[in-house]
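Single-structure report; data block below.
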Amino acid sequence: MAEANAAYYSARDPLGAAGDFITAPEISQMFGELVGAWAADLWQRAGRPPAHYVELGPGRGTLAADALRAMRAAGLRPAVHLVETSPVLREAQAQRLPDARWHDDVGGLPAGVPLLIIANEFFDALPVRQLVATEGGWRERLVVHEEGRFRPVAGPPAVGIPEHLRAAAPGTVLETSPASAAIVRQLAHLLSASGGAALIIDYGHVRTSAGDTLQAVAAHDYADPWIEPGERDLTAHVDFEALGEAAAAEGVRVLGPVTQGEWLRALGIEQRAAALAGNAPDRAQEIASARDRLIAADQMGTLFKVMALAAPGWPDPAGFA
Ligand code: SAH
């Protein structure tokens, strides 16, 4: 999954109507603006310390550009760090964020300065392991790559299956993402040492639960994740409970997850949409439909979750009351 996605992202910009999928910041400027307002509010209540902006997997740089505009309006002008592996997307980001610094992974992020960290639809792209219940106990599912497809093969016995799943019916799948947990641990370690907060937004579940969520999208439709490795975007649902536990072990406070709909409403998306429509009455319909796409329960409002990590001594980030 890691190799397939590295190949996939390094070769194309997958976002937008002509690509494979669309994300919240590409739907409306309101998304990035509310993220920026969230960061600026927290920074003000923390006493306006020098702080750096960090984004993981920034796509086209749209979220960062919208967020930084909202931050500047509140007096916050942070240095910008982008964690991005795709050369194609780095180029797109550089058009909008010429002063940014790029990093291959979170290991290169600065220490000793508070960080305001954002990750939207980043963790779903990181590799998962699939553990499968069989008649002979839980085993890891491995794959071989042959003839343009992945073929599953039984791997070694799996360890660390949660108590409530040990006796699960054969065929039950449990996904874990050691790569995601490792990154969250590193971020939480930085926050604990130097201050700041992180905002993680993604589709996924609140509690660790069984289920095969590996999926591919191509041309805005679900596609078979087992064929054409490297040509399709592979994702899996994010296990927010596992991420929260990894972060808490490094001493940060975990807030949420709440649903994206709840979080955006708490941050004032209704008011922001009304203000934008007031300034551009001819676009009122388009603004209302973008707002609904972001918050409606049958669109992105419920499947997507928002979780925050707050450094010790920092105030509670907004939106998680
Ligand atoms: N956050 C953006 C883009 C989401 S797509 C948005 O909301 O529009 C996933 C992003 O993560 C892309 O920028 C992709 O290149 C990046 N990415 C995927 N795997 C990565 C990895 N292992 N390390 C760094 N970036 C990665």
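Rule-based calculations on the coordinates, nothing more; no lab input. Computed from a prediction, not measured in an experiment: that's the story for all the values here. Because the Cβ atoms are built from the backbone with ideal geometry, glycine has one as well, and the counts that use them run over all protein chains shown.
A compact table of results
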read-out: Given charges at beta-carbon only (K, R positive; D, E negative), |dipole| of region 1-157 in Debye; value: 440 debye
read-out: Kirkwood hydrodynamic radius over Cα pairs of region 42-110, then Stokes diffusion coefficient at 10 °C and 1.306 mPa s, in µm²/s; value: 127 µm²/s
read-out: Cα Rg over Rh - region 193-237, Kirkwood; value: 1.15
read-out: Sequence ranges 2-14, 153-165, ranked by mean other-Cβ count within 10 angstrom, highest first; value: 2-14, 153-165
read-out: Cα-based equivalent ellipsoid, region 1-160: semi-axes from gyration tensor eigenvalues, Å; value: 36, 19, 14
read-out: Translational diffusion of region 254-321, µm² s⁻¹ [Kirkwood Rh, Cα pairs; Stokes-Einstein; 4 °C; 1.567 mPa s]; value: 100 µm²/s
read-out: Gap separating the Cα centres of region 120-152 and region 224-273, nearest whole Å; value: 21 Å
read-out: Debye-sum result for region 1-78 in log10 I(q)/I(0), which assumes one identical scatterer on each alpha carbon, at q = 0.12 Å⁻¹; value: -0.43
read-out: Helix 62-73 vs. the chain, principal-axis angle (Cα, 0 to 90°, nearest 10); value: 30 degrees
read-out: Around Thr208: net Lys/Arg minus Asp/Glu count, Cβ-Cβ under 12 Å; value: -4
read-out: Cα principal axis extents for region 104-195, largest first, Å; value: 51, 38, 21
read-out: Degrees between helix 2-11 axis and first principal axis of the chain (Cα, 0 to 90, nearest 10); value: 50 degrees
read-out: Value of Rg to Rh for region 156-211 (Rh from inverse mean 1/r over Cα pairs, i.e. Kirkwood); value: 1.08
read-out: Most to least packed among 184-192, 126-134 [average Cβ atoms within 10 Å]; value: 184-192, 126-134
read-out: Two-decimal Rg/Rh across the chain, once Rg and the Kirkwood Rh are taken from alpha-carbon atoms; value: 0.97
